[in-house]
Every structure is written in C-alpha cells, then in structure tokens.
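To start, the structure itself, in structure tokens.
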Amino acid sequence: MGIVQWIGVAIVLAPLILHRTSSGVLVGQVMLILGLSGLVAPLLGALADRYALHRQLHLSAMLCHCLALFFLLFVHQTHWHYWLVALCIGVGSNLLLILNPTFALRLNQDAKEQANALKLLFQFQMGGVVIAGVAIGLLQLFSLSTTLQLATLLVFDIVCVAMTLLQSPNPLLSTRQTVAENLTPNEPSKLLWFGFVACVLLSMFVGSNMVEMGPVIIAQAFSVELSYSSFGMAAAALITLIALAPAGKWMDKHGSQFLWLGTVFINAFVGISIWFMFESHVSALLPLSLILISIINGAWNDISIASFADKISPYGPATSQGYMAAAVSIGFSIGTYIVGYQLDQQDIYGVMTFLAMSGTGVLVAATLVIFAFHYRNNTITENARSPFA
C-alpha cells in the first residue's frame, strides 16, 4: 500500500505523466479517477462480506498495483492507458484500505490484540514507504531512469504478492455464515453510524489539505518553499512509524473513539493555528511543523476510524471499512478542490479561514457523535440491568 500510494503516486506518477505527455489535463484526469474510485469502496466491501471473498480480493488488490506499474513501464502517449493505470491503482488501493484493517480486526477478538494489530499494520505500511522512498531517492540522486524507478517499485510489489501467497491470512466468514452461526449481533444505530461517516469525510478538509496541499499552502501564505521528495517522504514515514506506538497504547487504554476524537481536535488545532499565523511574523519552522503534525495525525486517524467503524457499524466488517475508504476519498477530493480553487483566485485568507472553520465545525460534530455513542451505550447497559428488561 505504502509503496504505490505514497511513493508511486506522490513522487513518480504525476511527474512521469507530465514528462511523457506534457499534459496537465491528463494529470488532473488521472487524479480525478484515483479520487472517484473511492465511491465504489462500500460495494467492494459488501462483495467481500457477502461471498467471503476477503482473501481473493486482497490478492487482487496487490495484483492491480503490479499491473499498473507494469503498464507504466511501456505506456508513453496514449491517454486511455493512463486512465487504466489510475483505475488499477484506485481499485487496488481501496481494496487494501478496506481489507487490511478488516483482517487486523476480525482475526483478533480481544480489544488489546486488535489495537496492537492495527498499530503493526500501519507501522508496516510506513516501513514500506521508508524502504521504497529511500530506494527511489537513491535512484533519483544518481539520475537513473524513470523506467528503472518503476521497475524497482514493481519488484517490491511482486515481493509483497509472493509473501502473501506463501502466508495467506486466515479466511473470514461471509455475512450469511455469520448470521447462520448466530454470532453475537451488534445493535448499531444507523444515525450514529452515518453521523460518524460524515465527520470522517469532513475531517479530510483539514487533514488531506495539510498533507497533500501543505507545501503549496505554506509557500503562498508564508513564502516558505517546500517540496516533497522521496527522502522527505521516507523521513516523514519513519517519524510516523515511531509515533504509531503511543497511539496504539492510547487506543488500547482509552478506546478508539477517544483516539479518533483526539485526531479531530488536532485537525482543529492545526486549522486554527495556521489561521492565526497567517500575516504574522512567525518562524518558518512553525507552519512547517503543522505539516509534520498533520502527517502523524493522519496515521493516528487511520487506525482510530478503522477500529471505531468496526465497533459501531450496522454493516459487515469489510463493508464498514469500505464506507471509511469512500468517506476519506470524497472528503479528500472535495477539500483539495475547494482549496485549489481558492489558491487559483489568490484568496489565501479564504484558504486559512476554510481550514480553521472546517476544523472547528468537525470538532463540534465529532464531540456530538461521541456523546451520542456513550449515551446510547449507557442506556443499553441500564436497560440490561433493569429487572423489567
């Protein structure tokens, strides 16, 4: 996941398309396909749950990434090939976003084991970013060809496929089998669930913009030039890998809902802070530090929403993660479009206001979701204890 999504897309794909086709429009089309592919995530999750296709679709996801990199080795000018590459990466990435947390949660029943599994999952993902980032950085440092860079990423992905084939995860039950075996049913609230999904979507307005658009925002607002490089990505991933350890412990001790609320609070802090910093004489390190905070917070957010979604969802495990993938994808697309439009209009103050208001509004909404979650749990507990229940 980290190899293609973080390094392949962020560092290699867009510059490669521009170099081969000189078409900024094609780059935009590819990114649009990547974003819109998240819309089918709930359907992919439902398919996996209904027919117990978790392992098959997980393997298909990695093969999609391999296929995309293989196409890029030979494609040059034909636009539809790049659309196909984007579709392969989008579908593959969404399947991994759905199924990796599903396996981590459903193959471990104890809450402590689940928290540890999610922590290790995302640490391994960050580890992949570090390895791929350093490898691509060295190839770029020695001015080696893009073809060799793509081939290196493809080899990494093939190794991942081989490891999965040698040690496949245990199969999960389909939703029909779960009902048939009378497993303990969840009694979720759809209102609470979709309130949570909406909060996840809206929280991307700050989180995704500070990570993906952060260098552009910082450059225009504070005249500080920053560009993502392979080595920079690797360094950020290494810091994130280390920072995931305390997040896992916090989630185990206090629950995923409070870790998620904490990430929403950090988003609000980042949005309000950058609004206050704008047009102020501050050290360049302060706005730059907000990008690093957002990258780390994004990883914390990933493990918390995966766990909390599994706890409150009225749907199957993979379907639940599909909704999360769709919310993240849609929130990313809308949020970055709004900021991109404001930057085109040279409305830098509007960008800062948007980040601050988005962060504050989502914090209020997330607090209400957590309050409703605990109120409902307390009500169910009291009714269970009542002698007239």
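With a 1.4 Å probe and all protein chains in place, put Trp193, Trp300, Trp250, Trp275 in order of accessible area, largest first.
Numbers: Trp193 0, Trp300 60, Trp250 115, Trp275 85 Å².
Output order, biggest surface exposure first: Trp250, Trp275, Trp300, Trp193.
Ligands, DNA and RNA excluded, the heavy atoms of Tyr51 present near 120 Å² of accessible surface to a 1.4 Å solvent probe.
Mind counting lysine pairs for me in the chain? Cα separation below 16 Å, and the two need to be 8 or more apart along the chain or on different chains.
Numbers: Lys112/Lys249; Lys112/Lys253; Lys112/Lys311; Lys119/Lys249; Lys119/Lys253; Lys190/Lys311; Lys253/Lys311.
For the chain, the number of qualifying lysine pairs is 7.
Applying the Karplus relation 6.51 cos²θ - 1.76 cosθ + 1.60 with θ = phi - 60° to the stretch 134-145 yields 3J(HN,Hα) values of 5, 4, 5, x, 5, 5, 5, 4, 9, 6, 7, 5 Hz, where x marks Gly and Pro. Cα centroids of the stretch 326-385 and the stretch 213-265: how far apart, whole angstrom? First find each Cα centre; the distance between them is then 17 Å.
Percent of accessible area on the chain owned by carbon and sulfur, 1.4 Å probe? Could the numbers behind the result be given before it?
Numbers: 12470 of 18390 Å².
For the chain, the apolar C and S fraction of the accessible surface comes to 68 percent.
Annotation for the stretch 1-71 versus the stretch 192-209: alpha-carbon center distance of 22 Å. What the phi angles of the stretch 237-243 give under the Karplus curve with 6.51, -1.76 and 1.60, with θ = phi - 60°, is a coupling list of 5, 5, 4, 5, 4, 5, 6 Hz, glycine and proline written as x.
Provide Lys311, Lys119, Lys253 ordered by accessible surface of protein heavy atoms (probe 1.4 Å), highest first. Walk me through the intermediate numbers first.
Numbers: Lys311 85, Lys119 40, Lys253 160 Å².
These residues rank, largest area first, as Lys253, Lys311, Lys119.
Given the rule -39500 (n - 2.57) for each run of at least 4 DSSP H residues, summed and divided by the residues of the chain, what is its mean residue ellipticity at 222 nm, to the nearest 500 deg cm²/dmol? Calculated from helices alone, the mean residue ellipticity at 222 nm is -28000 deg cm²/dmol. Once all protein chains are placed together, Cys66 keeps about 20 Å² accessible to a 1.4 angstrom probe.
The values are calculated or read from the model by the stated rules, or taken from the named source; none is laboratory data. The structure displayed is predicted, hence computed values, not measured ones. In case anyone asks, the SASA skips ligands and DNA or RNA and just uses the protein heavy atoms, side chains included. Shrake-Rupley method; radii C 1.70, N 1.55, O 1.52, S 1.80 Å.
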